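Presented below is the structure to which this report refers.
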């Protein structure tokens, strides 16, 4: 069994029995390190809106890659930032899984038939007022993408081994009321994944250690 197959099986073993975390009391603060999360002003956000994202792990012949999007520059929230495809839940009865797949199709045109869901990561509260559930899925190659230019400027892939290597894990200090917090970032070439998206990737990293 090759390294990619071993890593794929590890992801399945660790995530296959997970469920969406919808209780705010168990949510993480988006992108903030565990050591400084207690200082974050974001923990006081009341009644955040429900949202979900897809963490797409593409099964390339050369290894597993995580697909990420660059948000359009004129978006109201997270303009120009690196993120996962996703968005708010539609109504009271839509599940995080349904929302993640629907929003992914709407934003980048990735058809759900190419996605095999594995499980869920820790939910995150983000400063724009959302409680986000990350849904992890393997993506079969052969798909084509159609980006919604109103929401997505570009997409790119990062090798999962790069994301899981602690050498590539960084933090940026930010002063808030009560002290200094540290926000995760992961650099790849000339791009930097930071904030809530980096925090979700760190949740994946911790779940696989």
Review point. Under 16 Å from the 7 Å Cα→Cβ point of residue 157, by amide nitrogen: which residues of region 131-151?
Key: 137-146
Exercise for review: State the three equivalent ellipsoid semi-axes of region 156-202, derived from the C-alpha gyration tensor as the square roots of 5 times its eigenvalues, in descending order and whole Å.
Suggested key: 23, 10, 9
Exercise for review: Choose one answer from 25, 196, 100: the residue with the largest mean-square fluctuation in a GNM of the chain with alpha-carbon springs under 10 Å.
Suggested key: 25
Exercise for review: Assign one of three labels to region 97-139, namely rounded, prolate or oblate, based on the Cα gyration tensor with a ≥ b ≥ c the square roots of its eigenvalues; rounded applies when a/c is under 1.5, prolate when it is not and a/b is larger than b/c, and oblate otherwise.
Suggested key: oblate
Point to revise | Sorted peptide list for 104-111, 86-93, 56-63, 143-150, criterion being average Cβ within 10 angstrom, highest first | key: 104-111, 56-63, 86-93, 143-150
Practice item. Report the full-extension gain for the segment residue 59 to residue 106: residue separation times 0.36 nm, less the Cα-Cα distance, to one decimal in nm. Key: 14.8 nm
Study note, to complete from the structure: Rg/Rh of region 105-195 (Cα atoms, Kirkwood Rh), to two decimals, equals 1.00
Review point. How high is the FRET efficiency from residue 70 to residue 24, r the C-beta distance, R0 35 Å, rounded to 0.05?
Key: 0.75
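Any read-out appearing in this document is the output of simple, stated calculations on the displayed coordinates, not a laboratory observation. Computed from a predicted model, the values in this text were never measured in an experiment. Note that we place each Cβ from the backbone using ideal geometry, even for glycine, and neighbour counts take in every protein chain shown.
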